[in-house]
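Quick one: this structure, given as structure tokens, is what I'll be asking you about.
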Amino acid sequence: MHIVKKMLREIDRPLRDRFNVNINKADWELFTEPLTDNFGNIDFKKFLSRQQKSIKIIKQILEYHGKERIVRYLAELATIEPKIQDLQPWVRDHVVHAINTFVLGAYILEKIKTPSFRGLRFDYPFAWKLCGPTHDLGYPIEIARNVQNPFVDKFNSFLSDLNSASPKITADIYPENLNKLCGMIDSNDLIQDRINDWALGINLEDYYDWLKTKNRTDHGVISALAQLKLLDAMYQKANPNRDNIDIEMSGFNFNQSNFTQDIITASSAIFIHNIDLTYYGFSNKINFELSPIAFLLYLCDSFQEWDRYSKKKNVFSGNDFNIKCRSSRILLSVPDELEDKVFTALHQRLCGFTVKVNDRVAVN
């Protein structure tokens, strides 16, 4: 059975009751069957239909909490990705991936025993709805940087060949002022404080320096800063004094406590979810007890490998994946070709909750 069909069957009611996600069953159907036929051929029209359906569903997920404007980023990503395939054919889908990741996280939250809230004002579903569907919204910026990199590298190579005193050209790791919030607050400071709470040992300035030396942009960074900047602007408009009191507008609550707890937690989880395994400064693992939302996002993002369209990479069928959850452990099944990749990612980054990959203990 396709893994999404299995999960939806088991959490249909919790999606409505706990996550306030009321999606017509027919809208889920596209996600419950493989993207490929029996011969491994990809149905590109089906993929495009899934992209458009994903945006529709994500909008329904977010608009319950007044955050539907974030969907504009995902809509833009959906229009850009097919064009990117011609320039970088190894690029994989990140739009349908967002929906599959969200469903996976909702399934796990329903099945396992979670610790008491940390850095959250509300229950876990609110924070998961903020990071599960939107964790890759900065991906177009990363791809644009990747397209730019060969030009930058070649240009600087010419300068070196000429022994020129002309300054080398550089590309910024994120757009200027993306980190600046209302009142000139730096979102990096807010994220750094939350990461310190999680005892991960990461220093943001050092990570940014590392990205510069590698000539990289991390879409997790872009996604986190972009989401935090957009939501900060929305809270500033509704609650200009940023009071820790309930302020209802159009049925939505703009209490500053929501921002300082749930939203910063979700954005911080997004920030760290894509940090490369070779980065030396990620010195401690993501502990399930200290940072359950960050743990969940990293786990789901690493495991969600089925039906991810790419021109040049294998597309694995959802029929070849499975998940079983107990209160104190998660059992994952993946195709043999992916076992080492998924195992290594989880083993290197996570701790505090048992996760097995094809019967191998990856996380303790």
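Just so you know, all these numbers are worked out from the coordinates, no wet-lab data involved. Fair warning: this is a prediction, and the values are worked out from it, not measured in the lab. Every residue, glycine among them, receives a Cβ derived from its backbone with ideal geometry; neighbour counts consider all protein chains shown.
Starting at the first residue of the range 39-49, write each ³J(HN,Hα) from the Karplus equation 6.51 cos²θ - 1.76 cosθ + 1.60 with θ = phi - 60°, in whole Hz, x for Gly and Pro.
Going residue by residue, I get 9, x, 7, 7, 8, 5, 5, 5, 4, 5, 5 Hz, with x marking Gly and Pro.
What ranking, highest mean first, results for peptides 226-236, 42-52 when packing means the other Cβ atoms within 10 Å averaged over each residue?
226-236, 42-52
Rounded to the nearest 0.05, what FRET efficiency do Ser166 and Asp206 have when you use their Cβ-Cβ distance and R0 = 35 Å?
Plugging the Cβ-Cβ distance into 1/(1 + (r/R0)^6) gives 0.75.
Let me know the charge dipole size of the range 1-45 about its Cα centre in debye, to the nearest 20, where only the beta-carbon of Lys, Arg (+1) and Asp, Glu (-1) is charged.
It comes to approximately 240 debye.
Quick one: dipole size for the range 199-323, taken about the Cα centre, charges +1 on Lys/Arg Cβ and -1 on Asp/Glu Cβ, in debye to the nearest 20.
The calculation lands at about 560 debye.
Further, regarding this structure: With a point put 7 Å past each Cα toward its Cβ, work out how far Arg13 is from Asn215 in nm, to one decimal.
According to this spin-label approximation, the distance is 5.7 nm.
Considering only Cα-Cα distances, which of the following residue pairs are longer than 30 Å: Lys6/Lys53; Lys6/Lys59; Lys25/Lys129; Lys53/Lys311; Lys45/Lys212?
Lys45/Lys212
So how much slack lies between Ile245 and Met184, counting 0.36 nm per residue of separation and subtracting their Cα-Cα distance, in nm?
This chain segment gains 19.7 nm when fully extended.
In the chain, what % of DSSP beta bridges are antiparallel (nearest 5)?
DSSP beta bridges in the chain are roughly 65 percent antiparallel.
Between Asn20 and Asp123, how many nm apart are label points set 7 Å from Cα along the C-beta direction?
1.2
OK, next. Using the per-residue mean of other Cβ atoms lying within 10 Å as a proxy for protection, in what order, highest first, do the peptides 133-140, 316-323 fall?
Result, highest mean Cβ count within 10 Å first: 133-140, 316-323.
Here's a follow-up. Across the chain, where is the longest run that never hits GluC sites (Glu not before Pro) in a DSSP loop with at most 13 other C-beta atoms within 10 Å?
With a cap of 13 other Cβ atoms within 10 Å, the longest stretch comes to 1-175.
Among Asn215, Ile169, Gln304, whose Cα sits farthest toward the positive end of the charge dipole of the chain (+1 at Cβ of Lys/Arg, -1 at Cβ of Asp/Glu, about the Cα centre)?
Gln304
What is the local net charge at Gly318, summed over the other residues whose Cβ is closer than 14 Å to its Cβ (Lys, Arg +1; Asp, Glu -1)?
Charge balance in the 14 Å sphere: -2.
Moving on to the next point. Using +1 at the Cβ of each Lys and Arg and -1 at the Cβ of each Asp and Glu in the range 206-364, identify which of Ile330, Gln348, Gln227 lies farthest towards the dipole's positive end.
Gln348
Here's a follow-up. Be a star and scan the range 294-335 for residues whose amide nitrogen sits under 19 Å from the point 7 Å along the Cα-to-Cβ vector of Asp359.
Output list for this probe position: 320-326, 329-335.
Please give the charge dipole size of the chain, origin at the Cα centre, charges +1 on K and R Cβ atoms and -1 on D and E Cβ atoms. Round to the nearest 20 debye.
About 660 debye.
Which of Ile275, Ile245, Ile185 has the fewest other C-beta atoms within 10 Å, and how do the rest follow up to the most?
In increasing order of surrounding Cβ atoms, one gets Ile245, Ile185, Ile275.
Quick one: Cα centre-to-centre distance for the range 96-125 and the range 206-220, in angstrom?
Spelled out, the Cα-based centre of one part sits 28 Å from the other.
Taking the Cβ of Lys25 as the center, what net charge do the other residues with Cβ under 12 Å away carry, scoring Lys and Arg +1 and Asp and Glu -1?
0
Roughly how many nanometres apart are two label points built 7 Å out from the Cα toward the Cβ at Glu29 and Lys45?
For the pair Glu29/Lys45, the computed spacing is 1.5 nm.
Sum up the charges of everything whose Cβ sits under 14 Å from the Cβ of Val152, counting Lys and Arg as +1 and Asp and Glu as -1, but leave Val152 out.
+4
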